[in-house]
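I have placed the structure first, in the form of structure tokens, so that the comments after it can refer back to it.
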Amino acid sequence: MEPQNYARQNFDNDLQELEHELLEMASVVEKMMSDASQALISLDRKLALQTIKQDDIVDQLELKVEAHCMRIIALQNPTGADLRLVGACLKIVTDLERCGDLAVDLAKAALKIDNEGGRTDIIDLGKFATLCRKMIHEALEAYVRRDLERVATVGKMEYEADGIYRELRAQVFLLMKRDPDSVVSDGWLFLAIHHLERIADHSVNIAERVHYMVTGELKQIAGFEESPA
């Protein structure tokens, strides 16, 4: 094998290893989001605490991927599509880490609501949580498959997520007015809804980075709606 081809093969192997590390982190984060959502819906303290313990693992994986990206940039001097791939990994890993943090926030909200003797079955959290988890999954599938149709799908789902968020937020505010005694637990419920909405936003960020990685074009895939936030 010629030296140039050998170097290219080693570089490709390095990129594949990087992507494997990123997807390992993504798998942990998706599991955290699923467990945190279920803990919130069912007020499962054991599951909430289990989710919180996973945060350190995600932080370690983020550092591992980031260090690998910087090593590739320093030693391989990537250009073109290779540089876009490494750059996308650097951005995606940040969004994944934040999703892990938000899963922890959801779990902590479940504990707080349970401590206050509150309830979460008074609104349809399951529908929103399912949509947000689907968004992050579709964004990651778009990355794995370099699938621009999935990228567009995530952008469309963002509008649905925004609508559900506003609907649930209004319901919680109404509950607070009707029952001032539950305002503390309902306040934590409102924060949980907001955490889910932020997960949806990070999914859009990931999808936008996939679009850039594939096309070389920075593009906002979800526009701003005219209605107030």
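For the reader, a short list of remarks on this structure follows.
- Summary value for the chain: 24 percent relative contact order, contacts being C-alpha pairs under 8 angstrom separated by 6+ residues.
- Separation of the VAL144 and SER42 label points, Cα + 7 Å toward Cβ, nm: 2.5 nm
- Overall, region 76-128 carries a charge dipole of about 140 debye about its Cα centre when +1 sits on the Cβ of Lys and Arg and -1 on the Cβ of Asp and Glu, all other atoms neutral.
- Extension gain (nm, one decimal) between LYS177 and GLN220, 0.36 nm per residue minus Cα-Cα: 11.7 nm
- Compared with the dominant principal axis of the Cα atoms in the chain, helix 148-178 is inclined by about 20°.
- Inter-part distance where region 175-199 and region 93-164 are each reduced to a Cα centre, Å: 17 Å
- Computed from point charges on the beta carbon alone (+1 for Lys and Arg, -1 for Asp and Glu), the dipole magnitude for the chain about its Cα centre is near 240 Debye.
- Of [x] 14; [y] 21; [z] 24, the label for percent of Cα pairs over 33 Å apart derived from the coordinates: [z]
Every number here is computed from the coordinates shown, using simple stated rules; none is lab data. All of these numbers come straight from a predicted model, not from anything done at the bench. Please note: Cβ atoms are built from the backbone with ideal geometry, for glycine as well, and neighbour counts cover all protein chains shown.
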